[in-house]
Amino acid sequence: MTWLSTLLIVVGLFLLGGVISFVRQGLPKGVIVLLAIGSAMALAAGIMRLEGVWE
């Protein structure tokens, strides 16, 4: 596992926690959707970088 893939996964999980927190606070849906998209992209990038390690 490289440091970049680890960093991307950690950032994605951090943003996912923000999504959960924002939903509980009742913030506007646009902010939640934008944060969720960023979280999904960071997690996907981190996981895709892991595939290079596994091969």
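Scattering from the C-alpha atoms of the chain alone, worked out with Debye: what is log10 I(q)/I(0) at q = 0.24, 0.26, 0.28 1/Å?
For the requested q values the scattering log ratios are -0.80, -0.88, -0.96.
Explain nothing, just the number: relative contact order of the chain, from Cα pairs under 8 Å at least 6 residues apart, as a whole percent.
57 percent
For the chain, give the percent of accessible area contributed by carbon and sulfur heavy atoms, probe 1.4 Å, rounded to a whole number.
Working: 3050 of 4020 Å².
That share works out to 76 percent.
Karplus couplings for segment 28-43 from phi (6.51 cos²θ - 1.76 cosθ + 1.60, θ = phi - 60°), rounded to Hz, Gly and Pro as x?
Once θ is set to phi - 60°, the couplings for segment 28-43 become x, 5, x, 5, 5, 5, 4, 5, 5, 5, x, 5, 5, 5, 5, 5 Hz.
The values are calculated or read from the model by the stated rules, or taken from the named source; none is laboratory data. A quick note: this is a predicted structure, and the numbers were derived from the prediction, not measured. The accessibility values were calculated without ligands, DNA or RNA, using every heavy atom of the protein model including side chains. Shrake-Rupley method; radii C 1.70, N 1.55, O 1.52, S 1.80 Å.
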